[in-house]
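Report on the structure given below.
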Amino acid sequence: MSPDGLYVYGIVRARTPLPPGAAGVGSPPAALRTVGTDSVATVVSAAPAQLRARRRDLLAHQNLLTGLAEAGPVLPMRFGAVAPDEEALRAQLAAAEASHLATLDRLAGHVEINVKALPARDSLASLVAGDSTVRRLRDEARRRPGYEADVRLGQAVASALSRRAAEAGRKILRDLASMARATAAGPDVQGCALNVSFLVGRSDADRFRTTTERFAAAHREHVELRLAGPLPCYSFVGASANPAAPATPPVAAGGA
């Protein structure tokens, strides 16, 4: 038992095998094992004495969860979760055992895919052609150049780029939400018009990605879409997921 406690990676069904060759955080990498009840278990290792978000440890955490998710459902913990000891961990598992099992059942066969929408880069020409306010301010800045004119033009451009990205984000959100079991709005990201995660059936992940890529190509002058996944289902282990309605995309205040 580590005097610094147990580092916790995630919760799985009891008797779920560990991915071959997987190793834990720390230097040298800590050995992995499970602690649990008859129905659910946590994957743990000895907690390092000084835990920091080093690249190697972040990758070890992520790679283990990805390997577990390929074998079955997992309730992933964010990086840095530490339990004081096995007794406390078993007590917590037992108290929430029914809830954990229900969530594991719900996530079985699914992955998380995150989509971010940002204002399109290198789209100033199409923006000027399509936005009368930006054209007017550009012409004014040419006739009467100066700091204030440049600021007004810059603000108008940033606002228009953000607005177009948000409009495109709402469109793709409607399309993608119909392909997902649930959605979860992510935290606001500066310069980002949309940050939403989707709970997608593993068999539908390729179609989901293809749909997103086609939309991005067709609207490349309006929005830049960034996909991450398939991922372990970080965003769908709590109450933040909405199984019925698509999440409302946050609209960025300024351009990227």
remark   = Percent relative contact order for the range 6-107, counting Cα pairs under 8 Å at least six residues apart, stands at 38 percent
request  = Once you have the Cα-Cα distance between residue 226 and residue 50, take 0.36 nm times their residue separation minus that, and quote the gain in nm to one decimal.
outcome  = 60.0 nm
query = On full extension of the chain, what length is gained from residue 27 through residue 88, given 0.36 nm per residue of separation minus the C-alpha to C-alpha distance?
reply = 19.4 nm
inquiry  = Of 108, 53, 88, which is farthest towards the positive pole of the range 29-111's charge dipole, taken about the Cα centre with +1 and -1 on the beta-carbons of Lys, Arg and Asp, Glu respectively?
reply    = 53
note = 1/(1 + (r/R0)^6) with r = Cβ-Cβ of residue 218 and residue 179, R0 = 22 Å, i.e. FRET efficiency to nearest 0.05, evaluates to 0.80
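Read-outs: derived from the displayed coordinates by stated rules, not from any lab. Quick caveat: nothing in here was measured; it's all calculated off a predicted structure. A quick note on method: Cβ atoms are made from the backbone with ideal geometry, for glycine too, and the neighbour counts reach across all protein chains shown.
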